[in-house]
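Here the structure comes first, spelled out in structure tokens, and everything after it is commentary.
The values are calculated or read from the model by the stated rules, or taken from the named source; none is laboratory data. Remember, it's a predicted structure, so these values are computed and weren't measured experimentally. As a convention, Cβ positions derive from the backbone with ideal geometry for all residues, glycine included, and neighbour counts pool all protein chains shown. For the accessible areas, the whole protein counts, side chains as well, though only heavy atoms, and no ligand, DNA or RNA atoms are used. Shrake-Rupley method; radii C 1.70, N 1.55, O 1.52, S 1.80 Å.
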Amino acid sequence: MKVLKFGGTSVGSAEKIAGLLHILDKQERQIIVLSAVSGTTNALVEIGQAFLNAQKKEGLEKTNVLKEKYIQLIQELFTTEEGLEQATQLIKHHFQHIEDLSLRPFGTNEEKVILAQGELLSTALFYYHLKEIGIESVLLPALDFMKTDENQEPILSYIEQNLGERLVQYPENKIFITQGYICRNNFGEIDNLRRGGSDYTASLIGAAIKAEEIQIWTDIDGMHNNDPRIVANTTPITHLSFNEAAELAYFGAKILHPQSVFPAQKHNIPVRLLNTGNPQGKGTTISGEMGEKGMIRAIAAKDNITAIHVHSTRMLMAYGFLRRVFEVFERYKTPIDMITTSEVAVSLTIDEISHLDKIVEELESFGSVSVDRDQTIVCVVGDFGGNTHGYAYRVLDAVKHLPLRMISYGGSDYNISLLLDSMHKVEALRSLHNRLF
Ligand code: ADP
Ligand code: ASP
Ligand code: MG
């Protein structure tokens with residue numbers, strides 16, 4: 001069985017939704033994971049924020065604008081009276097739900113329910129569309145099987161069991177449709193896998209059903225060797241190892257959700273990144289196969305990084321110091337991305353800053369602490385293991401005109417990371433691209 005995930009732009013219009021049919025193999029059993037129609041989740045974020053900030057009028061206005069967009073879309077997608085009527089009722093129901101939520105005391109739980117409406121809408125519309133044109137499919141509600149634990153980590157065993165139980169009820173069916181991004185948390189409430197999370201859903205489902213392949217369909221021919229939104233002349237990469245793809249996704253390549261490689265990697269399921277606009281294209285295949293040694297594969301950047309520098313003479317010749325520093329981050333469930341140390345100081349980076357004040361307060365008991373915000377990690381990914389040499393030199397030479405805040409090399413065989421002020425990001429990406437490729 002295969003898993004096919006279609007991103008927001010791939011379901012961005014009636015024409016595109018109808019076009020998906022040409023990509024499916026109607027004779028094969030497959031699970032289709034859909035994102036919300038492009039722009040929808042951004043709009044829902046704004047609506048949720050407006051209600052959270054007690055700006056009810058603005059929130060309702062934005063709700064109405066979004067609803068109009070859907071009314072337009074269904075008029076283009078559905079051709080029968082019955083189909084259009086069904087879709088109209090669906091849209092009324094979901095938008096009424098958003099309005100009803102705004103009448104209640106509004107908190108982050110209500111906000112998450114609002115954020116879930118995009119995927120609920122796109123999947124139901126696709127299901128009705130297939131029905132209208134006479135293609136049978138099964139709509140599997142992700143909220144019935146996609147679940148996270150108290151650390152907001154997906155519970156693969158739960159997904160495996162609950163999705164499996166549902167699939168066996170339909171032994172003859174070929175096309176299953178489900179929502180990306182949304183899930184239930186450990187309290188059973190509606191939650192999500194964070195922005196871009198539909199890729200993660202697809203990978204989790206692929207791992208849960210031991211799929212033969214996971215296809216991520218988007219608006220570009222696979223993973224490029226640099227961010228195509230910033231750098232000109234980027235080129236697609238035909239093959240990446242799981243480790244290389246995981247580094248790129250984690251360090252900012254937007255085409256893949258940061259955590260989406262791991263479930264597939266765990267079960268050795270190939271992931272293919274493909275372009276809905278060019279279905280015949282090669283795209284990128286991510287698998288356990290290692291690429292050529294000593295190759296620089298790609299560059300990515302992760303913004304909104306905060307660097308924390310702890311200076312303490314107590315670190316000199318001492319053991320246990322770093323453990324105590326790390327424990328502070330562990331207590332506040334804050335992941336560390338990069339780390340560099342010297343004899344009397346340690347610098348760390350984080351991107352989750354909701355507990356920054358408390359973390360700094362605790363770290364101050366060890367020594368002096370300084371914080372730099374608006375930093376960017378630029379990550380060069382390739383295979384630098386074994387006896388390869390000269391790569392760090394080439395990377396540093398390409399950015400020698402820029403002030404670097406931290407350098408990390410040797411943590412894995414796959415990446416060289418640099419931290420610099422975000423104002424230098426564009427120049428760093430372009431200069432590295434020109435010098436490395
Ligand atoms: P979807 O809605 O299908 O999930 P996304 O917008 O999340 O699509 O991801 C695809 C986009 O990621 C591309 O259009 C591209 O602009 C951006 N992107 C950033 N870095 C890369 C990269 N290294 N390779 C390919 N695309 C990238
Ligand atoms: N719709 C969600 C988002 O925009 C999830 C996704 O597209 O993957 O973040
Ligand atoms: Mg995405």
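Summary table below
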{"quantity": "Out of Thr218, Thr201, Thr234, sole residue that is within 12 Å of ligand 2 (Cβ to nearest atom), over 20 Å from Asp144 (Cα atoms) and hydroxyl-bearing (Ser, Thr, Tyr)", "calculated": "Thr218"}
{"quantity": "Filter result (over 23 Å from Lys16 (Cβ atoms) and open to solvent by less than 10 Å² (accessible area, probe 1.4 Å)) within region 41-81", "calculated": "Ile47, Gly48, Ala50, Gly59, Thr63"}
{"quantity": "Residue, surrounded by the fewest Cβ atoms within 10 Å (Cβ to Cβ), within region 104-152, restricted to residues that are farther than 25 Å from Leu24 by Cβ and without any contact (Cβ under 8 Å) to a residue 40 or more places away in the chain", "calculated": "Pro105"}
{"quantity": "Number of the exception - Gly206 against (1) part of a loop (DSSP other than H, G, I, E, B); (2) surrounded by 16 or more Cβ atoms within 10 Å (Cβ to Cβ); (3) small (Gly, Ala, Ser); (4) touching a residue at least 60 places away in the same chain (Cβ under 8 Å)", "calculated": "(1)"}
{"quantity": "Single unsatisfied condition, Glu330 versus (1) in a strand (DSSP E or B); (2) on the phi < 0 side of the Ramachandran plot; (3) surrounded by fewer than 15 Cβ atoms within 10 Å (Cβ to Cβ)", "calculated": "(1)"}
{"quantity": "Filtered residues of region 383-419 (kept if open to solvent by less than 10 Å² (accessible area, probe 1.4 Å), under 21 Å from Tyr250 (Cβ atoms) and at pLDDT 90 or above)", "calculated": "Val395, Val399, Met406, Ile416, Ser417, Leu418, Leu419"}
{"quantity": "Whichever residue in region 260-288 is within 14 Å of ligand 3 (Cβ to nearest atom) and touching a residue at least 60 places away in the same chain (Cβ under 8 Å) and, among such residues, is surrounded by the most Cβ atoms within 10 Å (Cβ to Cβ)", "calculated": "Ser260"}
{"quantity": "Residue within region 25-32 that is open to solvent by 80 Å² or more (accessible area, probe 1.4 Å), away from ligand 3 (no atom under 16 Å from the Cβ) and modelled with pLDDT of 95 or more present", "calculated": "no"}
{"quantity": "Positions within region 48-86 being in contact with a His (Cβ under 8 Å, 6 or more places away or on another chain) and among the small types (Gly, Ala, Ser), in sequence order", "calculated": "Gly83"}
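Here's the yes/no breakdown for (1) assigned to a helix (DSSP H, G or I); (2) in contact with a Ser or Thr (Cβ under 7 Å, 6 or more places away or on another chain); (3) more than 16 Å from ligand 1 (Cβ to nearest atom):
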{"site": "Lys16", "(1), (2), (3)": "yes, yes, no"}
{"site": "Leu21", "(1), (2), (3)": "yes, no, yes"}
{"site": "Leu24", "(1), (2), (3)": "no, no, yes"}
{"site": "Gln27", "(1), (2), (3)": "no, no, yes"}
{"site": "Val37", "(1), (2), (3)": "no, yes, no"}
{"site": "Asn42", "(1), (2), (3)": "yes, no, no"}
{"site": "Ala50", "(1), (2), (3)": "yes, no, yes"}
{"site": "Gly59", "(1), (2), (3)": "yes, yes, yes"}
